[in-house]
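Structure first, then comments.
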Amino acid sequence: MKILMIGFTKLAYMPYMNFYLEQLTQSDNEIHLLYWNRDEKDEITLPYKNIILHEFKLYQEDEVSKVRKVKSFIKFRKNAKRLLLNNNFDLVIVMHTVPGVLLNDILFRYYSKRFILDYRDITFEKIGLYKKIVNRLVENSIATFVSSNAFREYLPVVDNIFTSHNILIDSLDNRDIRRCKSRKSEPIRIRFWGFIRHELINRAIIDGIANDNRFELHYHGREQDTANNLKKHCERNKIKNVYFHGQYNPDERYEFAKETDLIHNIYENDKMTQPAMANKFYDGITFYIPQLCSTGSFMGTQITKNSIGLSCDPSNKSFADDLFSYYNSIAWSEFEINCDKKLREILMEYQSGTNIIRDIVK
């Protein structure tokens with residue numbers, strides 16, 4: 001089959017593409033991959049052979065208003081439209097709803113029931129027209145994959161919706177990187193990795209453990225306005241136990257996971273982020289590292305239900321004491337059993353999704 005995958009950001013920021021690539025590369029398919037190099041810097045090298053890359057290179061900050069992104073979105077659409085119309089692809093995989101909406105007319109007219117939609121956030125669902133187009137995309141897709149089961153309530157009730165997971169299968173080869181080292185840590189090292197956003201909740205976290213010698217807080221990832229503001233906040237308030245390490249390559253997280261006691265997986269608890277599943281949720285289960293999630297979020301419910309982390313609210317005055325008490329009360333053998341149980345459940349659902357993809361491309 002001749003297949004086009006449409007990404008909406010850099011290769012390094014789309015680990016979820018591996019869910020598809022691991023299946024597509026097992027057969028004799030001609031795979032094309034369109035991606036958006038938003039910072040115009042070097043890209044990672046993919047571990048797959050014979051993938052035809054189509055780079056859309058245009059600088060675009062992520063932390064700016066939607067209005068300021070319109071011109072860039074239009075240019076991306078023009079580039080992707082040309083690719084879709086100049087080739088007769090057998091299958092198109094749209095790895096985000098935004099490019100799906102931007103290209104909806106082309107997908108409906110030329111690729112109905114020949115595209116897969118990957119649904120992974122609800123940022124624009126409050127816009128009636130956007131939601132209507134997304135629902136049509138789901139109904140016209142051969143399959144739609146959701147990265148969180150909580151997203152299903154925003155979609156039409158149809159039988160072609162399946163669940164993917166943001167777990168990286170390669171990570172399973174490194175499961176013991178943390179538990180092979182002592183859990184006794186002074187101070188307790190809390191670590192975040194990913195794109196640093198959500199300033200208010202992160203400021204609350206920083207203030208909650210500021211200069212508390214029981215803790216260190218480490219940030220790894222892309223730094224734009226939010227990260228810069230948080231750095232300035234730490235400087236102004238002479239906060240010495242918070243560290244920013246900058247951008248990293250995906251494989252580097254194995255190294256800093258070795259030195260992590262608690263994963264910071266806390267986001268603003270609003271309608272857009274509440275149902276989402278972050279990559280770090282899977283890293284925590286895979287590497288046997290307890291994680292911190294927002295009380296009331298879908299991830300918070302999951303970690304509480306499965307006893308694999310702490311659901312918490314950084315605005316509570318007892319936040320630091322709660323973290324300290326939680327970490328020092330963990331029964332590690334029981335915790336590891338809980339991680340194994342949840343991982344088996346996730347892998348079974350992941351396998352069901354990969355079977356769907358194989359059936360489509362066979």
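The values are calculated or read from the model by the stated rules, or taken from the named source; none is laboratory data. A quick note: this is a predicted structure, and the numbers were derived from the prediction, not measured. All Cβ positions, even for glycine, are placed from backbone atoms using ideal geometry, and neighbour counts span all protein chains on display. The protein model used for the area step is the full one, side chains on, heavy atoms only, and it has no ligands, DNA or RNA in it. Shrake-Rupley method; radii C 1.70, N 1.55, O 1.52, S 1.80 Å.
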Measure of size requested: the Rg and Dmax of the stretch 204-264, with Cα atoms as the atom set and Å as the unit; please supply both.
-> 12.1, 33
So what's the projected area for the stretch 25-177, the Cα convex hull averaged over all directions, in nm²?
-> 11.3
0 to 90° range, to nearest 10: angle between helix 199-209 axis and the chain longest Cα axis = 20
So how tilted is helix 332-361 from the main axis of the chain? Cα-based, degrees 0 to 90, rounded to 10.
-> 10
The chain, relative contact order in percent, only Cα pairs under 8 angstrom and at least six apart counted | 14
In 5 Å bins starting at 0, how do the alpha-carbon pair distances of the stretch 67-152 split up by percent?
-> 3, 14, 26, 26, 19, 10, 3, 0
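Take every DSSP beta bridge whose two residues both sit in the chain, then give the antiparallel share in percent to the nearest 5. Don't skip to the answer; put the middle values down first.
Working: 0 of 43 bridges.
Of all bridge pairs located within the chain, approximately 0 percent are antiparallel.
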Value of [θ]222 nm, deg cm²/dmol, for the chain, DSSP H segments ≥ 4, -39500 (n - 2.57) each, nearest 500 | -11500 deg cm²/dmol
Of the listed pairs 184/240; 49/131; 2/126; 69/232; 75/132; 181/305, those with alpha carbons more than 29 Å apart are 49/131; 2/126
Amide H within-cut-off set for residue 244, under 5 Å, with H built and near neighbours excluded | 219
Cα-based Kirkwood hydrodynamic radius, the chain, one decimal, Å = 21.6
Counting only protein chains, not ligands or nucleic acids, how are 301, 273, 25, 260 ordered by accessible area (probe 1.4 Å), most first?
-> 301, 25, 273, 260
Cα-based reach from residue 78 at 18 Å (exclusive), listing aspartates and glutamates while leaving out same-chain residues under 8 positions away = 55, 105
Which value results when the Cα radius of gyration for the stretch 173-310 is divided by 2.2 N^0.38 Å?
-> 1.01
Taking Cα atoms, how many degrees apart are the long axis of helix 225-236 and the longest axis of the chain, rounded to 10 and kept between 0 and 90?
-> 10
At 1.4 Å probe size, with every protein chain present, just tell me what the per residue accessible area of the chain comes to in Å².
-> 46
Only Lys, Arg, Asp and Glu count, each charged at its Cβ (+1, +1, -1, -1), so figure out the dipole size of the chain about its Cα centre, rounded to 20 debye.
-> 980
Largest-first ellipsoid semi-axes for the stretch 267-362, taking √(5λ) over the Cα gyration tensor eigenvalues, angstrom = 29, 18, 8
Kirkwood Rh and Cα Rg combined as Rg over Rh, evaluated for the stretch 310-362 = 1.30
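Roughly speaking, to the nearest percent, how much of the stretch 149-282's 1.4 Å accessible area is carbon and sulfur?
Ligands and nucleic acids excluded, carbon and sulfur reach 46 percent.
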When only Cα pairs under 8 Å and 6 or more residues apart are kept, what is the percent relative contact order across the stretch 283-362?
-> 27
